[in-house]
Amino acid sequence: MSQTAANSVRERPGKSLGIAVALAFFLGPVGLFYSSVTGAMVMLTVSVVVLVPILLGLHINAVIYFPLWVVCVLWAAFAAHERTRQSPNTDMPEEGPAAVPPAGSTHNGAPGRS
């Protein structure tokens, strides 16, 4: 194994806000898996707890299920935004002394020489 492969850190890719919201809007807790696995598991559990009495006909209004769907969409949007904000931006040039040599220098890349 080369030294660069051993030292590489795997970065989490950013998530598209539009795709995350669309998946959560159309699929609810299942669509939340795109942006947040933990959020999807929590919302699936809550959805089952709320949905089972509705399906069993225990005189619970199904309207209470609607806010859970909205929470899924909001959670997906927040998770995708946070994931994108934390991912490194590879389009920007590296900043610092190694990126741009000082003006007027004739640095040729060899250590200790200019």
Restricting to the stretch 1-44, give me the number of residues that are more than 23 Å from His81 (Cβ to Cβ) and modelled with pLDDT of 95 or more.
0
Just to verify a result, which residue in the stretch 29-60, among those that are over 17 Å from Lys15 (Cα atoms) and among the small types (Gly, Ala, Ser), is nearest to the chain's Cα centre (by Cα)?
Ser47
Could you say whether any residue in the stretch 84-98 is modelled with pLDDT under 95 and buried (at least 16 other Cβ atoms within 10 Å of the Cβ)?
yes
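The values are calculated or read from the model by the stated rules, or taken from the named source; none is laboratory data. Being a predicted model, the structure only gives us computed values, none of them experimental. In this analysis, Cβ positions are derived from the backbone assuming ideal geometry, glycine residues included, and neighbour counts consider all displayed protein chains.
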